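Engineer: First the structure, then my questions, so here it is.
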Amino acid sequence: MRNRSVYLSSVLILCFFLAGCGYSVRETSGLDIREIHLGYVMNMTTEPGLQDTFRRVFTEECLNQGIPLNGHGITINVILTKYKLRTVTVKNDLSAEYSVDIIANVEVIHPDGKTKSLKNLKSEFLETFVAPESVQAIHTRREVTTETALRDLSRRIIAEVIYGQSGWDSGNSTKR
């Protein structure tokens, strides 16, 4: 009797979660977005090579979402406007934890000429790292955290392109 009631309870809970959570699996064939073209990526920060890392990470994230990058489809232009390494925690008068902030302006151009500008887009999460003793280890962790922040920024851009279809301006694809 006890095993049967545990079984029924488990089945009911499973049915409740599957029916009531609102989660659904979407195939990439059901998306309106078939292809993305990454136009220009400009680095207006003082951090060298940030645009190259962004291109690599953005390409990886598009492929993870099942969206190929080529010369057709929606064009995305990115201007990396701010890179800041901030001290989050100080211990014994030394920086113990750092945060990496990256801000970008993004222009999304639809093939029919509609454009959408996303100003001051940044990572949704606080990307931090703890400072070890050596300068080389700090530099390595900063690079890893920078890549993580760029990856999160790429995910936000892709999500905006896939799900944020409102806010498109009619007209030509000239920069505003």
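Engineer: If you take the residues in the stretch 80-103 that are touching a residue at least 24 places away in the same chain (Cβ under 8 Å) and surrounded by 16 or more Cβ atoms within 10 Å (Cβ to Cβ), which one is farthest from the chain's Cα centre (by Cα)?
Structural biologist: That would be 98.
Engineer: Criterion first (surrounded by 10 or more Cβ atoms within 10 Å (Cβ to Cβ) and modelled with pLDDT under 75) does residue 34 satisfy it? Full working, then the answer.
Structural biologist: Values: surrounded by 10 or more Cβ atoms within 10 Å (Cβ to Cβ): yes; modelled with pLDDT under 75: yes.
Taking the combined requirement at face value, the residue satisfies it.
Engineer: Could you grab the pairs with beta carbons closer than 8 Å, sequence gap of 6+ or different chains, first residue in the stretch 112-130 and under 19 Å from residue 80 (Cα atoms), second one among the basic types (Lys, Arg) and modelled with pLDDT under 90?
Structural biologist: 115/176; 117/176
Engineer: Restricting to the stretch 99-135, what's the tally of residues that are under 22 Å from residue 43 (Cα atoms), in contact with a strand residue (DSSP E or B) (Cβ under 7 Å, 6 or more places away or on another chain) and not hydrophobic (A, V, I, L, M, F, W, C)?
Structural biologist: Residues flagged as under 22 Å from residue 43 (Cα atoms), in contact with a strand residue (DSSP E or B) (Cβ under 7 Å, 6 or more places away or on another chain) and not hydrophobic (A, V, I, L, M, F, W, C) within the stretch 99-135 amount to 13.
Engineer: Same structure, new question: Which residues, counting only those in the stretch 45-71, are in a helix (DSSP H, G or I) and either in contact with a Cys (Cβ under 9 Å, 6 or more places away or on another chain) or of a type outside the set (A, V, I, L, M) (or both)? Steps first, answer last, please.
Structural biologist: Of the stretch 45-71, the ones in a helix (DSSP H, G or I) are 50-64.
Once the filter is applied, which keeps residues that are in a helix (DSSP H, G or I) and either in contact with a Cys (Cβ under 9 Å, 6 or more places away or on another chain) or of a type outside the set (A, V, I, L, M) (or both), the stretch 45-71 yields 51, 52, 53, 54, 55, 56, 58, 59, 60, 61, 62, 64.
Engineer: Scanning for something free of Cβ contacts under 8 Å to residues at least 40 places away in the same chain, under 25 Å from residue 49 (Cα atoms) and in contact with an Asp or Glu (Cβ under 6 Å, 6 or more places away or on another chain), does the stretch 65-76 turn up at least one residue? Talk me through it step by step, then tell me what you get.
Structural biologist: Residues of the stretch 65-76 free of Cβ contacts under 8 Å to residues at least 40 places away in the same chain: 66, 68-72.
Remaining after also requiring under 25 Å from residue 49 (Cα atoms): 68-71.
In the following step, the residues that additionally are in contact with an Asp or Glu (Cβ under 6 Å, 6 or more places away or on another chain) were identified as 68, 70.
There is at least one residue in the stretch 65-76 that is free of Cβ contacts under 8 Å to residues at least 40 places away in the same chain, under 25 Å from residue 49 (Cα atoms) and in contact with an Asp or Glu (Cβ under 6 Å, 6 or more places away or on another chain).
Yes/no matrix, rows are residues, columns are (1) under 17 Å from the mean Cα position of the chain (by Cα); (2) assigned to a strand (DSSP E or B):
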residue: 105; (1), (2): yes, yes
residue: 119; (1), (2): yes, yes
residue: 140; (1), (2): no, no
residue: 144; (1), (2): yes, no
residue: 147; (1), (2): yes, no
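The values are calculated or read from the model by the stated rules, or taken from the named source; none is laboratory data. Please read these numbers as outputs of a predicted model, since none were measured by experiment. Glycine also receives a Cβ, built like all others from the backbone with ideal geometry; neighbour counts cover every protein chain displayed.
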